[in-house]
Amino acid sequence: MTAAGFLNRYLEGRSWFHTADARIKLLMALGFIFATTSIPPGKWLAFAAMLALVWLAAGFSRVGLTRIFLRSLVAIPFILIALPTVFTKPGAPLFDLDIMLFTLTGTREGLDFFISVLLKSWASVTAATVLTATTPPMRLLEALRSLRIPAVLVAIVMLMYRYLFVLVDEAQRLMRARAARSAAIGRKAGGSIVWRAKSAGGMAGSLFIRTLDRSERIYMAMLARGYDGNLRQTGSPPLERRALAFLAASLCLCASIAAAARLVL
Amino acid sequence: MVSSITMPATGANLPLPLHAPDGFFSMPVAIAGYLLAAAFIGIAIRRANKDLNERIVPMMGVMAAFIFAAQMINFPVAGGTSGHLIGGALAAIILGPWAAILVMTAVVGMQALLFQDGGLVVLGINLLNMSIASVLAGYGVYWLARKIGASFTHLLIGGFIAAWLSVIVAAASTALMLGLSGTTPLALALPTMTGVHMLIGIGEGLITVFALSFIRAARPALLQMPEKSAVPSAAPAEPSRSGGISIRWWIVGYLISLSVVLLAPFASGSPDGLERVADDAGFIERAQAAPYAVIADYAVPGIQNQALATIAAGVIGVTLIYLLVAGGIYGIYTLYRRRATLQHE
Amino acid sequence: MTSPNTQTRAIAVHNLEFSYPDGRPALRGVDLSIEDGEKIAILGPNGAGKSTLLLHLNGLLHGSGSVAVLGREVREGDKQGLQEIRALVGVVFQDPDDQLFSPSVYDDVAFGPVYMGLPDEEIQARVSEALTQVGLEGYEDRMPFHLSGGEKKRAAIATVLSMRPRILALDEPSAGLDPRARRGLIHLLDALDQTILVTTHDMHMVKEIFPRSIIMDGGKVVADAPTHQILADQPLLEAHGLELP
């Protein structure tokens, strides 16, 4: 698979989400995740509302719910880290788990907390997945400018994105060459762990040196076209009023669900 | 904690060691993470600008792409798992700490924004752990090793420990934030995370050392001066007169971290803030009345209450990490000052 | 050269010497004079100093001796002057992946005009003009990475054409292209009316579109004559590791 293949998370489409301004979408996603994260554990109605919202958005994006679903599972392994809380959070005992010599007591509060973290992160990852599936990466990076990220950092990230493909390609070529060599030797993994680490380290080292040389040539190419170290960019178009109103409305909705979760539910 | 997972949509191995997703940290911790990360990145931009001038964008941009690509170079360890580079220490050693912070910031930021590798709202925390704490700790160790001796062996041993420690610091700092958020008890998270990453760190150390020895064989000049960035500056760097990091920065940073520690147990639990305070007002009676369910081995001795134990462990942890980071910064600062005075004479 | 009037001369290089920071000499006293509108090929083995010479023409490298472009002296540290000279001399690097450093073709072709401080409408006009010139209309939103080898080369040329340079200096323009892309490139270079200077190993291309050739070896110009004469001098070509077409 080429680098371009798996580096691109964008899925072509014609939905409203595809045509909407990336800045609006990014702010919407951030607002949604902020709101979701701030819902206290155990407020199931609020979580249900957030999940309904994000899956509604996923449906409207028309890139395929299965694909969004598969991608949204990316954070699941991390949930293991919150598992102990089921047993350590003080609260009403719910069940006992006998493991070898000792017994773990799961509590109601602990389980609530655990499931809440799971739902929060799943809803958040789904929101981010819809965002990247409906927004070309370049538009997303350009949208960073509207978040008051320092211009130098945005310029660095833009250049990084351009050369990601070139360098990932180079790294994959190096790894293919390694695979070909070790197959020829007849040992699949080839040698001891240290030997393997050595070959990986050598690859990283040679990739670094090539990269360093390349950065010098790019710098020259920039200078050749008048680059003077000052970052200049063509201004981004102002946001449309309707888009802004939509953003405000959706942020209000997210905020009021989060607020209701704390105050009412 | 998994060292790498297979992405369902692509089948490609992407690194996912410490990239915490959204939802795992409480809001105050996430916001404090943003503020602290922003402060460090701001300093890094100023410092790197001074060193690299107009080269900063092409150099840092391509180097960030390099780290991203280098993270894909994996090597099979055992039982179907494979190790790979994270790169914080390697970047710090070959580019210098400030440039490395920028490079790692770009890497971690792009992984979150474009690849859902780490959350968006918790990005500040992930940056703090992987792009800042890890780089500074790694650089501090490497710098120290090169101070002790300038030989190739010092370079390699220093590089190994730097890389090993950079991973552990990132893991410890992640555990700390998880503890502060109440997501998982610190008394459990800290030993588990650091323990696992003491193993993962060996792979990091090995690859870093072999990468360094390759670079040293191919371009010895790049590794001669540990405190200098890999690229000769176009113009001689302006000696920094007032640009030093004042002691105020440390104190502010330390206070922010501490306040996060102290606020966290109130903000992260199930009830909202006020309820929680009321709750805690009578915590001892409740704690004894309620059937406490702590994993037997991890009950913190001497401290009855979980929240208190968390706070105590958090304060100790923050102080340790902070001293480490501040020590690194101080070392770099004195070095810069020495260079500046040398240039003046 | 017959015309002593440096004002009309596109490029005048006199006794140019340059060593790399590690002390390796790259140019050892190069003299070169090029009239406006000429199309010249620089031949020679790898390491002869061809690419290094190109980098002096717009002040990316500075050696001792003198370089003048359209009557302007290229001086180190003269920021304003260098900016103007870089707009006059478009240098196209060998690897288009170095030249095309922006995330989209539009941004890349607009880069030069943006740094010339041109107004937005003018930038847009120049981008579409340059893309039309190289036959890449409608490629504005494409990512450079996704272009074919030939398209990358054309896009790289467009990135300097948008600055409307008077002189084009191209490093190995036809290297690594398949026959059809190479043919397209030759037509493109033939059609451009700027003064053109290329370094190349592609003798067929030289024969076809470059009336004058220069051979460099060991950091010096060892031959400077009409292309048909150079190509007829078998011993000369062999002495400098060049092959007849």
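Each label was represented as a point 7 Å from its Cα along the Cα-to-Cβ direction; for B:Ala150 and A:Ala92 these points are 7.1 nm apart. Run lengths n ≥ 4 of DSSP H only: what is the helix-derived mean residue ellipticity at 222 nm for chain C, with -39500 (n - 2.57) per run over all residues, to the nearest 500? Counting only the DSSP helices, I get -10500 deg cm²/dmol. Can you tell me the 0 to 90 degree angle between the C-alpha axis of helix C:105-115 and the longest principal axis of chain C, rounded to 10? It works out to around 70 degrees. Structure note, pairs C:Lys50/C:Lys152; C:Lys39/C:Lys220; B:Lys50/B:Lys147; C:Lys152/C:Lys207: Cα-Cα distances above 27 angstrom do not occur. Sequentially through the range B:116-133, phi angles give Karplus couplings (6.51, -1.76, 1.60; θ = phi - 60°) of 6, 9, x, x, 8, 6, 8, 4, x, 5, 4, 5, 4, 6, 9, 9, 10, 4 Hz, Gly and Pro residues having no value and appearing as x. On a per residue basis, the convex hull of the C-alpha atoms belonging to the range C:1-144 measures out at 146 Å³. Distances between placed amide hydrogens fall under 5 Å for C:Gly29 paired with C:Leu16, C:Glu17, C:Phe18, all partners being 5 or more residues away or on another chain.
The trypsin sites (Lys or Arg not before Pro) of the range C:20-99 that DSSP puts in a loop, and whose beta carbon has at most 15 other beta carbons within 10 Å, are C:Arg75. Principal semi-axes of the equivalent ellipsoid, √(5λ) from the alpha carbon gyration tensor of chain C, are 28, 22, 16 Å from largest down. In this entry, the range A:193-265 is assigned a mean projected area of 12.4 nm², taken as a quarter of its C-alpha convex hull surface. Extension gain, C:Ser148 to C:Ala125: 0.36 nm times the residue separation minus the Cα-Cα distance gives 5.8 nm. Between A:Ala255 and A:Arg139, what FRET efficiency follows from the Cβ-Cβ distance if R0 is 35 Å, with the result rounded to 0.05? Once rounded, the FRET efficiency stands at 0.85.
Semi-axis lengths, largest first, of the ellipsoid equivalent to the range C:112-204 are 23, 16, 11 Å, with √(5λ) applied to each eigenvalue of the Cα gyration tensor. Averaging Cα coordinates gives a centre for the range A:97-152 and one for the range C:213-243; these two points are 66 Å apart. Measuring r between the beta carbons of C:Ala232 and A:Arg173 and using R0 = 60 Å, the FRET efficiency lands at 0.90.
Summarising the amide proton neighbourhood of C:Leu170: residues at separation of 5 or more, or on other chains, whose placed amide H is nearer than 5 Å comprise C:Val92, C:Leu197, C:Val198, C:Thr199. GNM remark for chain A: springs join alpha carbons under 10 Å apart, and the peak mean-square fluctuation among A:Ile209, A:Ile76, A:Ile193 falls on A:Ile193. Just to confirm a number: summing +1 for Lys and Arg and -1 for Asp and Glu over residues other than A:Ser61 whose beta-carbon lies under 11 angstrom from that of A:Ser61, what do you get? Taking every other residue near A:Ser61 into account, the sum is +4.
Free of any trypsin sites (Lys or Arg not before Pro) that DSSP assigns to a loop and that have at most 14 other C-beta atoms within 10 Å, the longest stretch within chain A is A:15-147. Length available on full extension from C:Asp190 to C:Asp31: 0.36 nm per residue minus the Cα-Cα distance, which gives 54.7 nm. Length gained on full extension, A:Leu231 to A:Thr66, computed as 0.36 nm times the residue gap minus the Cα-Cα distance: 55.2 nm.
Legend: calculated FRET efficiency, A:Ala243 to C:His62, from the Cβ-Cβ distance at R0 = 45 Å, rounded to 0.05, equals 0.35. Using a 10 Å Cβ count of at most 16 others and DSSP loop calls, identify the longest part of chain A lacking such GluC sites (Glu not before Pro). Segment A:13-239 is the longest.
Per-residue ellipticity at 222 nm from helix content only, as computed over chain A with -39500 (n - 2.57) for each DSSP H run of at least four residues, stands at -22500 deg cm²/dmol. In degrees from 0 to 90, rounded to the nearest 10, what is the angle of the helix C:120-133 Cα long axis to the longest principal axis of chain C? With both axes taken from Cα atoms, the answer is about 60 degrees. Computed from backbone phi, the HN-Hα couplings of the range A:239-250 come to 6, 6, 4, 5, 5, 4, 4, 5, 4, 4, 4, 6 Hz, rounded to whole numbers (Karplus: 6.51 cos²θ - 1.76 cosθ + 1.60, θ = phi - 60°; Gly and Pro given as x). Between Rg and the Kirkwood Rh of the range A:34-93, both from Cα atoms, what is the Rg to Rh ratio? We get a ratio of 1.06 for the range A:34-93.
Laboratory data are not the source of any read-out in this text; all were calculated from the coordinates shown. Being a predicted model, the structure only gives us computed values, none of them experimental. Positions of Cβ are backbone-derived with ideal geometry, glycine not excepted, and every protein chain shown enters the neighbour counts.
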